[in-house]
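These notes concern the structure reproduced below.
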Ligand code: G6P
């Protein structure tokens, strides 16, 4: 969740680092800092708050230099103070380090270093790394880094520079993402995320666990932690500068909400075989026979991806008749789950870097399961560790509150359900109907987005509410959970999602005229049931915002506000019904003056437990 950007080359490093840090701010942003080798001195400047605060501070101390490291921090060990911000420097002022991840044995290492007389300036786990490297350093930085890394337990993505070595930048990775960027003619970058360096190079190497890269202006060496040369493919990243900018929208979140028709088209491109009534997902080709014989699926994920997984559960059980369980990755990894032959584990993660999901995946591997991933970030850790999987191809998602990734995940799950269904009990004809319905989804999402202005008006009415309830049934129950999560994340209003019928077992006690209730009630088989739930709310004075189908229906006379969405088949409804909920949360948050793209206390990608 913290961000790293480092540079070595022939240009001024400072503007490159600052620009990279701004691109990374969405990952975590309680403080930031840079270290630069400026002439013979190693200068470090840090500031709490946004990168703008760091920039302001640097204005007074202009720095030049062609080698530097930068970091945006989201506190894990130690409060978000300037002392705890990275880079961390060693006791002798020679070494500067930026770090993502957690050093699990830092307390023991710290105690030993303190016994040797080293004074610590911060409460972080990272500071031990700087001191350890300095302890081992005798003129060979790589050797010192390797010796220090051998002492570390836990996860790291590291960038290291040394005052005596103006021509060396070292990166190392274990468990936290780190990308090595190759510029033109002796320029190199390190970044935790390609968006930080995409303006400068599209040629990257995704470092693997236990890789170390030593970059000098005349070339680079890639080795493992045992000093053996390793070969890694140089890849071309294909998203451009434009796609990470806001593209005319006020916020990334709004841009990403409006990108959904296009993103969904990209997700399904070449994957729907309408005339065969199925889907072809090339990332699953190698596992296709095995998929025929699986008899149980565990879906594991966190946050929004977890709710997409819940929709997936319903879809797969309905179409393929294979029992599915959905489990929070953080629970799965510590629970000694039962995995027998025939169990498939499906990990869903937008970023592909969520620590709990990655650990759940590894646990599933240890237990012998085949593990598939559904990720958006190409080349991410989860994508690389899985046995196969499907990319969303939804483009970079910058807004912390996930939107297009959710719709894309549900779409991918619908194609997986169709494929598994066709291997089992879905007929050719039924398969064609489903594939056709899937193909129409982007158009329907486009239509739904036209409701933006109407939803803004609803947002104005309810923006000051203290609590919200979201209700849905069947496929729309997970959407109710996701809608409530969106509102919580960016508007800071307490919200709960419930299966509509469960309301009478508790939440109904909360209902009065101050409680807006968002009811997701498209005209489907359960419409009459949910209508009764709405009547129960109205009888107690609650305010009902109904998300329902276009045709006239009894909700017209009962609900306080109506949002009419286009019809699709039940299993695909979540991709449509999630849109008004995203917009509602967005507008309420903007009206309340919140920072929607960087909500307080949240990070886009949670790479610590
Ligand atoms: C964080 C983000 C959420 C996201 C969750 C899982 O909490 O703020 O938006 O849903 O992580 O992330 P993943 O990248 O694994 O889908």
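Would you work out if region 1-148 is rounded, prolate or oblate? Take a ≥ b ≥ c from the square roots of the eigenvalues of the alpha-carbon gyration tensor; rounded if a/c is under 1.5, else prolate when a/b is larger than b/c, oblate otherwise.
Oblate.
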Inset, instruction - Could you work out the relative contact order of region 74-194, using alpha carbon pairs under 8 angstrom and six or more residues apart, expressed as a whole percent? - result: 24 percent
Inset, instruction - Would you mind putting 174-185, 45-56 in packing order, based on average other-beta-carbon counts within 10 Å, highest first? - result: 174-185, 45-56
Inset, instruction - Compute the whole-percent fraction of alpha carbon pairs in region 446-558 spaced more than 23 Å apart. - result: 23 percent
Inset, instruction - Please figure out what share of the DSSP beta bridges in region 227-379 is antiparallel and state it in percent, rounded to the nearest 5. - result: 10 percent
Inset, instruction - With a ≥ b ≥ c taken as the square roots of the eigenvalues of the C-alpha gyration tensor of region 421-474, please select rounded if a/c is under 1.5 and otherwise prolate if a/b is larger than b/c or oblate if it is not? - result: oblate
Inset, instruction - Can you tell me the FRET efficiency between residue 366 and residue 233 if r is taken as the Cβ-Cβ distance and R0 is 22 Å, rounded to the nearest 0.05? - result: 0.25
Legend entry - Exposure proxy ranking, count of Cβ atoms within 10 Å, fewest first, for 162, 302, 6, 578: 302, 162, 578, 6
Legend entry - Per-peptide average of other Cβ atoms within 10 Å, ordering 264-270, 488-494, 468-474 highest first: 468-474, 488-494, 264-270
Inset, instruction - Taking every Cα atom in region 484-609, find the radius of gyration and the maximum pairwise distance Dmax, and write them in Å. - result: 15.7, 49
Inset, instruction - Kindly state, to the nearest 0.05, the FRET efficiency for residue 262 paired with residue 282, given R0 = 25 Å and r defined as their beta-carbon distance. - result: 0.75
Legend entry - Degrees, to the nearest 10: 303-320 long Cα axis against longest axis of the chain: 50 degrees
Inset, instruction - Let me see the pair-distance distribution of region 452-514: every alpha carbon pair, 10 Å bin width, integer percents in order. - result: 22, 49, 28, 1
Inset, instruction - Once you have the Cα-Cα distance between residue 454 and residue 250, take 0.36 nm times their residue separation minus that, and quote the gain in nm to one decimal. - result: 71.6 nm
Legend entry - Label point distance in nm, residue 446-residue 150, each placed 7 Å from Cα along Cα→Cβ: 6.2 nm
Inset, instruction - Apply the Debye scattering formula to region 389-451, with a single equal point scatterer on each alpha-carbon and no solvent, then give log10 I(q)/I(0) at q = 0.12, 0.21, 0.28 Å⁻¹. - result: -0.38, -0.94, -1.21
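Apply the a/c threshold of 1.5 to the C-alpha gyration tensor of region 285-360 and tell me whether it is rounded, prolate or oblate. Each step should come with its number before you reach the end.
Numbers: a/c = 1.62, a/b = 1.42, b/c = 1.14.
Note, shape of region 285-360 comes out prolate.
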Legend entry - Helix 452-462 axis, angle to the chain major axis (alpha carbon atoms, nearest 10°): 90 degrees
Legend entry - Cα Rg over Rh - region 546-601, Kirkwood: 1.09
Legend entry - Computed FRET value (nearest 0.05) for residue 290 with residue 41, which takes r as the C-beta separation and R₀ as 60 Å: 0.55
Legend entry - Debye equation applied to the C-alpha atoms of the chain, log10 I(q)/I(0) at 0.06 Å⁻¹: -0.34
Inset, instruction - With label points built 7 Å along Cα→Cβ from the Cα atoms of residue 509 and residue 601, find their separation and express it in nm. - result: 2.4 nm
Inset, instruction - Determine the gain in length on full extension of the stretch residue 11-residue 429; use 0.36 nm per residue of separation and subtract their C-alpha separation, reporting nm with one decimal. - result: 144.3 nm
Inset, instruction - Before anything else, pin down the relative contact order of region 169-304: Cα pairs under 8 Å, at least 6 apart, normalised by residue count, whole percent. - result: 16 percent
Inset, instruction - Would you calculate a helix-derived [θ] at 222 nm for the chain, using -39,500 (n - 2.57) for each DSSP H run of n ≥ 4 and dividing by the full residue count, to the nearest 500? - result: -11000 deg cm²/dmol
Inset, instruction - Please report the relative contact order for the chain, taking Cα pairs under 8 Å with a sequence separation of at least 6, and give it as a percent rounded to a whole number. - result: 12 percent
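Each value in this text was obtained by applying a stated rule to the coordinates, not by laboratory testing. Keep in mind that what you see is a predicted model, and the values were worked out from it rather than measured. Note that each Cβ is placed from the backbone with ideal geometry, even for glycine, and that neighbours are counted across all protein chains shown.
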